[in-house]
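The values are calculated or read from the model by the stated rules, or taken from the named source; none is laboratory data. Worth saying up front: this structure is predicted, and the values here are computed from it rather than measured. For neighbour counting, all protein chains shown are included, and Cβ atoms are generated from backbone atoms with ideal geometry for every residue, glycine included. Each accessible area value is taken on the protein alone, full model and side chains, heavy atoms only, with ligands, DNA and RNA left out. Shrake-Rupley method; radii C 1.70, N 1.55, O 1.52, S 1.80 Å.
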Amino acid sequence: DAAIKPSHIAAFSSTLPHEPFPFSTSGFQQLLLNLHRDDSSTDSDEEYEEFMRLYCQAVQITTSYVDVYVDKNPARTSTLSGMGWFNKTLNTPGECHSQLRMSTEIFMDLHDILVTRYGLQPSLHVSTYESLAIFLFICGGNESNRRSQNRFKHSGETISRKFDEVLDAVMAMGKDFIRPKNPNFSEVHRRIRDDRRAYPHFKDCIGALDGTHIRVCLSPDDQVRYIGKSGIPTQNVLAICDFDMRFTYVSTGQPGSMHDTSVLYSAIKVDKKFFPHPPRERYSRFATGSDGSTTMPNAPTMDAFRDALATQLALAWN
């Protein structure tokens, strides 16, 4: 019940953070002084409640600031740092492929491309090599942030930030690499042209299309439409590759409960400018009816023949 003096307010407000803070410290002092300048004449329940509300808010803000910026976890001081583990992995035969899912040579090539062409940058304590290793370690083994903290001896915030930086660079790279060599598909691929079993039956084929399901982690409220026949939340991934086994198109993010046909039509509609299509003139074998519809002579027979032949070619080429 004692009156609050200006010295008390100054002492309390000096403990408050300068940034981030929703209002100035001097303004807060003035507000408290106005509320308690004359306790004998202005003391009322409403003013007291207002003061206590502001006081509690100030305490909450101070507590949050201390938890985030002052009371930090002790630094990780393991004898084997994340960069040390990475160097050991890189110099041990077979370990790079086992832990990061690619050979040492491919890792170095990927690193150089991301740095020189797609803006991957180091920070004060994390090099670009270690950033890429963190990204591949998480993706290749479906590892959690917590396990990555233990492996690379960095905080959770650093792990998350470095993962996002590499992901941005990889996404930019994907726009240049995941596309057809020749978007017009003006020539028949040599593997079709030079194989008597495939030519001319597959001369209009521009690649192979397939889909898969990849598990996702979602909040309970968003899981329902992602749960399909597998019983777990997944997302549909649709991919197209050419006859050189290069990916020319990838679509992700569709709920796992969607039918394959719906996924295909959605990809064609959403990515109309990027979805690979053979040239229109290659459809000349279709017949046009009087009502404007298009049909293909002996379509069921040709479809069955192509399916059987495609299976034989896939087994022979693999």
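Please go through region 130-164 and pick out each residue that is within 19 Å of the chain's Cα centre (by Cα), under 12 Å from Leu100 (Cβ atoms) and part of a helix (DSSP H, G or I).
From region 130-164, those within 19 Å of the chain's Cα centre (by Cα) are 130-149, 156-164; that's our starting set.
With under 12 Å from Leu100 (Cβ atoms) added as a condition, the list becomes 130, 132-141, 143.
Scanning region 130-164 gives Glu130, Leu132, Ala133, Ile134, Phe135, Leu136, Phe137, Ile138, Cys139, Gly140, Gly141.
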Kindly indicate the residue of region 161-184 that is touching an Asp or Glu at 6+ places or on another chain (Cβ under 9 Å) and open to solvent by less than 80 Å² (accessible area, probe 1.4 Å) and also nearest to Phe107 (Cα to Cα) among those meeting that condition.
-> Lys162
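Would you pick out the residues in region 180-220 that are acidic (Asp, Glu) and either within 26 Å of the chain's Cα centre (by Cα) or closer than 29 Å to Lys273 by Cβ (or both)? Reasoning before the result, please.
To start, the set of residues in region 180-220 that are acidic (Asp, Glu) comprises 187, 194-195, 204, 210.
Listed by number, the residues that qualify are Glu187, Asp204, Asp210.
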So which residues in region 191-235 are open to solvent by 80 Å² or more (accessible area, probe 1.4 Å), farther than 28 Å from His259 by Cβ, part of a loop (DSSP other than H, G, I, E, B) and free of Cβ contacts under 8 Å to residues at least 12 places away in the same chain, if there are any at all?
-> Asp194, Arg196, Tyr199
Condition broken by Val126, with the remaining ones in (1) open to solvent by 40 Å² or more (accessible area, probe 1.4 Å); (2) outside any helix (DSSP H, G or I); (3) among the β-branched types (Val, Ile, Thr) satisfied = (1)
